[in-house]
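Shown next, in structure tokens, is the structure this report addresses.
The values are calculated or read from the model by the stated rules, or taken from the named source; none is laboratory data. What you see is a predicted model, and the numbers here were worked out from it, not measured in a lab. Using ideal geometry, Cβ is built from the backbone for each residue, glycine included, and neighbour counts are taken over all protein chains shown. Heads up: the accessible areas ignore ligands, DNA and RNA and are worked out on the full protein's heavy atoms, side chains in. Shrake-Rupley method; radii C 1.70, N 1.55, O 1.52, S 1.80 Å.
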Amino acid sequence: MLKSERTRLHILETVAPLFNKKGYSGMSLSGITKATGLTKGAIYGHFESKEELAIEAFRYCIRTVLKDLNANVAKGDTALDRLINVSSFYRNYYSYSKKFGGCPILNIGVDSEYQQTSISKLVRSYNERILDKFTKLIDAAKESNQVRSEVNSEIYAKRFAYMIEGAVYMSHVMKDGSYLEDLAEVMRNMITNELGV
């Protein structure tokens, strides 16, 4: 890795949790330079603007989460196992997401909703990707006759997504990971009892 690539990665690793905790408007350039130990010129040598840095910081967080989610899902031997592994990933998400300053989808999504930045469109696009991934996992289980054919994959994908984000919200607000632990059990039961053949 080149020095410039290491510096860029250092900036992202350092400021991503800060943007996630404080929001776009809550992060100042002086806060960014203080946290990274770099000058304003060094920051702008790697990112054209604060908005670009915020976008790349969000991408860094969400790509890491999705990589880890996909790795956990892929451990399943069958399509149904892979679907169940979505729920097992979120069982410990409360402690897992602390390294990012909380859930990037939830934090940045809410923070950017009322601002005129392109980051809110990016958050929506990642939500759409997640919904599509959940839908495809359900469809794969249907194709292998592990989920009933009449199950509406898109509706259940949406249910899983809002259940996950609700449990993430409650866990962080209440500082209690049991909401996500319960979510994992509820999702597992839904998958095996409501969806399963």
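Annotations
- Mean Cα-pair separation over length for region 1-99, i.e. relative contact order, pairs under 8 Å, 6 or more apart, %: 24 percent
- Degrees between helix 79-91 axis and first principal axis of the chain (Cα, 0 to 90, nearest 10): 50 degrees
- Taking 0.36 nm per residue of sequence separation and removing the Cα-Cα distance, the GLU128/SER4 pair yields an extension gain of 41.4 nm.
- Formal net charge of residues neighbouring THR192 (Cβ-Cβ distance under 14 Å; K, R +1; D, E -1): 0
- Accessible carbon and sulfur surface of the chain relative to its total accessible area, %, 1.4 Å: 51 percent
- Region 157-179 and region 80-130: distance between their alpha carbon centers, rounded to Å: 11 Å
- Compared with the dominant principal axis of the Cα atoms in the chain, helix 119-143 is inclined by about 20°.
- Accessible area per residue, Å², the chain with all protein chains present, probe 1.4 Å: 53 Å²
- Computed from Cα atoms, the angle from the helix 178-189 axis to the main principal axis of the chain rounds to 40 degrees.
- Counting Lys and Arg as +1 and Asp and Glu as -1 over every other residue whose Cβ lies under 14 Å from the Cβ of LYS50, the net charge comes to -3.
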